[in-house]
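The values are calculated or read from the model by the stated rules, or taken from the named source; none is laboratory data. Note that this is a predicted model, so its numbers are computed, not measured. Cβ coordinates were reconstructed from backbone atoms using ideal geometry, including for glycine residues, and neighbour counts include every protein chain displayed. Just the protein is used for accessible areas: all its heavy atoms, side chains included, with ligands, DNA and RNA removed. Shrake-Rupley method; radii C 1.70, N 1.55, O 1.52, S 1.80 Å.
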Amino acid sequence: MAKHTIVLIPGDGIGPEVTAAARRVIEAAGLSVDWIELPAGAVAIEKGFEDVLPQQTVAAIRSHKVALKGPVTTPVGKGFKSVNVQLRQKLNLYAAVRPVRSLKGVKTRFEDVDMVIVRENTEGLYSGIENEVVPGVVTSLKVASETACTRIARYAFRYATRRHRKKITVFHKANIMKLSDGLFLSCARRIYEDEYPNIEYEEIIIDAGCMKLVQDPTKLDVLLMENLYGDLVSDLCAGLVGGLGVVPGSNIGDDAAVFEAVHGSAPDLAGKNLANPLALIMSGVMMLNHIHEENIAQKIKASYDAVLKESDPKSLTRDLGGSASTSDFADAVIGRLQKGN
C-alpha cells in the first residue's frame with residue numbers, strides 16, 4: 001500500500017478534538033499516512049505567526065497536494081482576512097463540493113435526499129471588489145469570466161460522470177443578471193452540449209429552485225451554481241438532512257484540495273470533548289476518495305452509517321440525541337470498523 005503524506009490543520013475551538021477523532025478513525029481503517037500538522041486560524045497568531053494562514057501551511061499544502069482541515073477562527077476586527085478565503089485564492093481551489101444525503105438514524109423532515117452542490121469558488125460577488133462612489137452610495141462588483149465559468153461547469157459534469165450521477169441542475173438569476181449569470185449559463189450549456197450530452201441537464205431560476213428544494217429535494221441530483229448562490233444553497237441543503245454537523249465539505253483545484261468540516265469552531269464547547277466529529281470524518285472519506293483510497297473510504301462510510309442507524313445513545317453525541325463524547329463516537333465507528341461493520 002502506498003504511503004500518503006497529508007497536511008493536517010487542527011484549527012481552533014473544537015477543531016483539535018474533532019480532528020484527532022477523524023485522524024484516529026482514518027488510521028484505524030488502514031490508511032498508511034504521514035501527517036504534517038500545521039496551524040491556521042487564531043491559534044497561528046497565538047503561536048507567534050504574523051497571519052492566520054502562515055506561509056509554511058500554504059507551502060505544505062501546495063507541496064503535498066491534499067489537506068484535512070478542522071474548523072478555524074479568524075479574529076474579528078483585527079484586519080485578518082478569512083483563512084478559508086485565503087486558501088481558496090492562494091491555492092486556486094475553484095470548486096467547492098458539498099455532498100448532502102439523508103442518514104439513517106438522523107430524523108429530518110425528508111428522507112432519501114442525495115444531492116451534491118458544486119459551487120464556483122473564486123468569482124461572483126465574493127471577488128470583494130467594492131467601492132463607495134459617493135458618501136452613502138456603495139457598489140459591489142459581481143465578476144464572471146468565461147474561463148472560470150467553463151472550468152466549474154466542466155468540473156461538475158466530470159464529477160457527475162465519475163460518480164454515476166444522472167442530472168445536473170444549474171441555479172441562476174439570468175433573467176435579471178443577464179450578462180454575468182447569462183455567461184455562467186452559456187458556459188454550462190456548451191459543456192453539456194459539446195462534451196457531456198449523456199448527463200441530463202436543466203436550468204432553474206434560483207428562487208424557484210429553492211422552493212423546489214424545500215418541497216421535494218429528492219428530485220434534484222447535482223446542483224451547479226456561482227459563488228454566492230452556492231454558499232447559501234449548500235447550507236440550506238445541509239438543513240434538509242440534519243445540519244452542518246452531518247455534512248462534509250471540500251475545496252478542490254487542479255493542483256491541491258482541502259477537505260474540511262463546514263461548521264464553526266464552537267469555542268464554547270472547546271476542550272469539553274462534546275463536539276460531534278462526524279462532519280470531519282465524512283470530509284475525511286471525501287479526501288480518501290480523492291486520493292484513490294476508495295476501499296478505505298467505503299469501510300469508514302459503512303461504519304458510521306451503521307453507528308447512526310443503530311442509534312445507541314451511548315454512541316451518539318448530544319446533537320444527534322445521545323450522550324456520547326467526541327471520543328466515544330470515534331470509538332464506536334472504530335469498533336464497527338474492527339467488526340467489519
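Before moving on, here are some points about what is shown:
- The largest-to-smallest principal axis extents of the Cα set in the chain are 54, 47, 40 Å.
- Fraction of beta bridges assigned by DSSP in the chain that are antiparallel (%, nearest 5): 45
- Coarse-grained scattering of the range 42-118 at q = 0.12, 0.23, 0.26, 0.27 Å⁻¹, given as base-10 log I(q)/I(0) from a Debye sum over alpha-carbon atoms: -0.51, -1.08, -1.28, -1.35
- Helix 180-195 and the longest principal axis of the C-alpha atoms of the chain enclose an angle of approximately 70°.
- Look at the alpha carbon pairs under 8 Å that are at least 6 residues apart: their mean separation over the length of the range 1-116 gives a relative contact order of 27 percent.
- D by Stokes-Einstein for the range 229-323, Kirkwood Rh over Cα pairs, 10 °C, 1.306 mPa s: 109 µm²/s.
- Degrees, to the nearest 10: 206-215 long Cα axis against longest axis of the chain: 40
- Efficiency of FRET between Lys219 and Glu130 - r from beta-carbon atoms, R0 45 angstrom, step 0.05: 0.75
- In terms of its Cα atoms, the range 144-238 spans 33, 32, 18 Å along the principal axes, sorted from long to short.
- Protection-proxy order for peptides 301-308, 151-158, each taking the mean of Cβ atoms within 10 Å per residue, highest first: 151-158, 301-308
- Summarised as an ellipsoid, the range 270-338 has semi-axes of 22, 13, 9 Å, derived from the eigenvalues of the Cα gyration tensor scaled by 5 and square-rooted, with the largest first.
- Computed magnitude of the charge dipole of the range 154-311 (debye, nearest 20; Cβ of K, R +1, Cβ of D, E -1): 280
- Pairs from the table (Lys212/Lys309; Lys81/Lys104; Lys104/Lys339) lying more than 31 angstrom apart at Cα are Lys81/Lys104.
- Packing-based order for 250-256, 264-270, 132-138, using average beta carbon neighbours within 10 Å, highest first: 250-256, 264-270, 132-138
- Shown here: the range 1-69, whose C-alpha atoms stretch 39, 27, 12 Å along the first, second and third principal axes, sorted largest to smallest.
- Efficiency of FRET from Cβ geometry, Glu310 and Lys166, R₀ 22 Å, rounded to 0.05: 0.10
- The distance linking the range 187-264 with the range 284-322 is 22 Å (Cα centroid to Cα centroid, whole angstrom).
- What the chain shows is 45 Å² of accessible area per residue, with the surface traced by a 1.4 Å probe over protein heavy atoms.
- Across the options Ser186, Val134, Ala153, the greatest Cα extent toward the positive end of the charge dipole of the chain (unit charges at beta carbon of Lys, Arg, Asp, Glu) belongs to Ala153.
- Descending by average beta-carbon neighbour count within 10 Å, the peptides 47-56, 226-235 line up as 226-235, 47-56, the highest first.
- For the range 71-124, a simple Cβ point-charge model (Lys and Arg +1, Asp and Glu -1, everything else neutral) yields a dipole of about 260 debye relative to the Cα centre.
- At R0 = 45 Å, FRET efficiency that the Cβ-Cβ distance of Arg158 and Lys339 yields, to 0.05: 0.80
- Straightening the chain between Leu236 and Asp112 buys 43.0 nm, computed as 0.36 nm per residue apart minus the Cα-Cα spacing.
- Counting only alpha carbon atoms, the long axis of helix 55-64 and the longest principal axis of the chain meet at about 90°.
- Taking the accessible area of the chain, probe 1.4 Å, and keeping the other protein chains in place, the carbon and sulfur fraction comes to 51%.
- Alpha-carbon Rg/Rh ratio, for the range 1-154, with Rh computed the Kirkwood way: 1.03
- Cysteine residues of the chain whose C-beta has no other cysteine C-beta under 4.7 angstrom: Cys210, Cys237.
- Average Cα contact separation per residue, the range 230-331, under 8 Å, 6 or more apart, as relative contact order %: 21
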